[in-house]
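Input: a single structure, listed below in structure tokens.
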């Protein structure tokens, strides 16, 4: 069961990160905190930061730098138009899968 | 990694640097690009400083940093994160498998060419053309079926590009050959030569008419109108120069834009069919390199 949960979380990492950025930009650690505030979503920096780098490379997020009171300048990530489109497409797939599972559950309930 | 931070907390700094170096090494080993490694390490560094400063009353010392780093992911964990990203970058072919119809649509045209080049008995070229047409229709059919099947299959298949290339290859080549044959009758040099021949003949005729007119006037002045006039004789060479065949007349009358257009179409079609063939071969090579089974579902 733990393995399945781990696989499930891994599978939705990109969806989670894009969703966390849909309303407001965030810097790396802020994004991590924003995600981990929700029970059931437990992501760590070794998953999120490489993913952010890849999303930036793919043009799904844009980055702006701003000074930080602690440490190096913060890099604020925000969804680009391509990122918004990707998120919409992923949400549609997510809803379709969730709905199909719900339907299946209803049918199989005696 | 500013100088200010280094001077403020050198021990914490060196602990963090050690951690960042280890993270960078792991990322480098997994093939992450330099810019991405730098970006990831900056995020890790920012996070470490932020947590350490939240916990320390003054500047974070080595003990704070040690605690922070102990709570953060081990550098080895970045291997999984980076490889997860790399796996997502793999071509769709490896992840999903290619529909067999799509493969067939691309494989049929080369088979057709091989058969065409093979001696096919006394029927020769006509049999080759029949084979090409039949296999072209098959490639079209496989291409259309492949695209339809990929869209409708409950499992996710890839290969739409292969199917489209396979579908286009033979029609493109046939169009190319047709345009080439058509263009053969419309070569610009041929038209220019025909026009030159027509022009030379016209000038010869004009000169001849003037010459005859000159002789006629002189004859009238000398002998009067009652004596019959005989035009000067014409050499065989002059007669040939004045003669223009109907084919030359037809060819010279052709507008120049048409052959230019036909030649342009030939070049475009040749380029398209070459691109289709190269792209198809490249996709197949990538498929082979990925060790992908054609029937491997997602």
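Each value in this text was obtained by applying a stated rule to the coordinates, not by laboratory testing. Since this is a predicted model, take the numbers as computed values, not measurements. Ideal geometry is used to build each Cβ from the backbone, glycine not excepted, and the neighbour counts take in all protein chains shown.
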The helix A:81-108 Cα axis meets the longest alpha-carbon principal axis of chain A at an angle in degrees, between 0 and 90 and rounded to 10, of 20 degrees
Expected integer from the mean partner chain Cβ neighbour count at 10 Å over A:23-29 is 3
One finds, for residue B:25 and residue A:89 with R0 = 35 angstrom and r their Cβ-Cβ distance, a FRET efficiency to the nearest 0.05 of 0.45
Ranked output for segments B:190-198, A:52-60 by mean other Cβ atoms within 10 Å, highest leading, reads A:52-60, B:190-198
So, with points 7 Å from each Cα along the Cβ direction, the residue B:141-residue B:233 label distance in nm works out to 7.4 nm
Computed over chain A: longest principal axis from alpha-carbon atoms vs helix A:45-57 long axis, angle to nearest 10 degrees, is 80 degrees
Most exposed to least, judged by fewest other Cβ atoms within 10 Å, B:74, A:95, B:248 sort to A:95, B:74, B:248
So, relative contact order of chain A in percent, Cα under 8 Å, 6 or more apart, is 26 percent
Expressed as a whole number, the average count of other chain Cβ atoms within 10 Å around the Cβ atoms of A:77-87 is 0
Simple SL model, points at 7 angstrom along Cα→Cβ for residue B:67 and residue B:246; separation in nm is 10.6 nm
Label model pair residue B:192, residue A:78: point-to-point distance (7 angstrom along the Cα→beta-carbon line) in nm is 6.1 nm
Taking the square root of 5λ for each eigenvalue of the C-alpha gyration tensor of the range A:2-106, the equivalent ellipsoid has semi-axes, largest first and in whole angstrom, of 27, 16, 11
Expected integer from the mean partner chain Cβ neighbour count at 10 Å over A:65-73 is 5
To the nearest 0.05, the calculated FRET efficiency linking residue A:6 and residue B:261 through their beta-carbon distance, R0 being 51 Å, is 0.20
